[in-house]
1. Sorting check: for 35-43, 91-99, which peptide has the highest mean count of neighbouring beta carbons within 10 Å, and how do the rest follow?
2. Can you pull the one-decimal nm distance between simple spin-label points at residue 180 and residue 158, each 7 Å off the Cα toward Cβ?
3. Running a GNM on the chain with Cα contacts under 10 Å, which residue among 278, 267, 297 ends up with the highest mean-square fluctuation?
4. Please compute, for the alpha-carbon atoms of region 154-262, the extent along each of the three principal axes and give them in descending order in Å.
5. How would you order 187-193, 174-180, 53-59, 253-259 from highest to lowest mean count of nearby Cβ atoms within 10 Å?
6. Cβ neighbours within 10 Å, averaged per peptide: list 110-119, 146-155 in order, most packed at the top.
7. Once a ≥ b ≥ c are taken as the square roots of the eigenvalues of the Cα gyration tensor of region 43-165, is the result rounded (a/c under 1.5), prolate (a/b larger than b/c) or oblate (a/b not larger than b/c)?
8. Once R0 is set to 51 Å, what does the formula 1/(1 + (r/R0)^6) return for the Cβ-Cβ distance between residue 273 and residue 68, expressed as a FRET efficiency to the nearest 0.05?
């Protein structure tokens, strides 16, 4: 199969790590566009002390793209290493501190990330969705029927109830030119898997990124999650996920929606096809876990769809 020349993958955390790992070696140029709403743990502490985006999800993406050599793997492990002390370093990831230090030293968010990528000899580039730290908030309807406002990624992700709306602050955050250029120039865009509200939908709440994604819809593969039992999607199903994304991103229609074979449900298929997208199902669940993709199987599905994109995309919406 001919690889697609340039692929952009959007998301955050473990979901983006999986898609980047699956995409490695299957495209000529790979760029990650990473959410910057995390406010927990080491990232939350850094963004509270410095006027910078939370580095944790960016660190994860850099680690996923490290060169597959002793050098790259060693630096990947160093970046992911967390201190276990009784002092202020406890819980901090080395990579978060390194990224924050380079931002402080260089004065540039994108420049600092590029320096870390060179250190790891990354096979791809990592860019933030915004150079500003984003605060995500939501109105959540509890089991008692009361609507409550929660603020912060951790609070939204662990809210007990159904998310009724989502917002970010600032409402129109600064977006690096490199991020918009990467999406516009990409031959294919991968969105998801990942936390639906805090890693996937948040991209559509950044106006300039949303515009770029709407324009790239015909080149986009949306990957649905394996698991659907986390707090932020409690009481909903994948049909609701599709409906929420359609409401949040009017005008966005992906070329294909990729789901695990266990989710080949008539209601979901109908919802995707009504959206105007192709519904693709395949066995992708990891053998040793019920809540995550096997990156090899995920990569095989990406390879097939990316080959269609490289051939002109004629089969993408079949």
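No lab work stands behind these numbers, since they all come straight from the coordinates. Please read these numbers as outputs of a predicted model, since none were measured by experiment. Glycine also receives a Cβ, built like all others from the backbone with ideal geometry; neighbour counts cover every protein chain displayed.
1. Working: 35-43: 24.4, 91-99: 20.8.
Highest mean packing first, the order is 35-43, 91-99.
2. A separation of 3.7 nm, rounded to one decimal place.
3. 267
4. Extents along the principal axes, in whole Å: 37, 36, 20.
5. Working: 187-193: 26.1, 174-180: 16.7, 53-59: 28.4, 253-259: 23.4.
For the peptides 187-193, 174-180, 53-59, 253-259, the packing ranking is 53-59, 187-193, 253-259, 174-180.
6. On the way: 110-119: 18.3, 146-155: 16.1.
Most protected by this proxy first, the peptides run 110-119, 146-155.
7. On the way: a/c = 2.10, a/b = 2.00, b/c = 1.05.
Here region 43-165 falls in the prolate category.
8. Details: r = 39 Å, r/R0 = 0.76.
After rounding, the FRET efficiency stands at 0.85.
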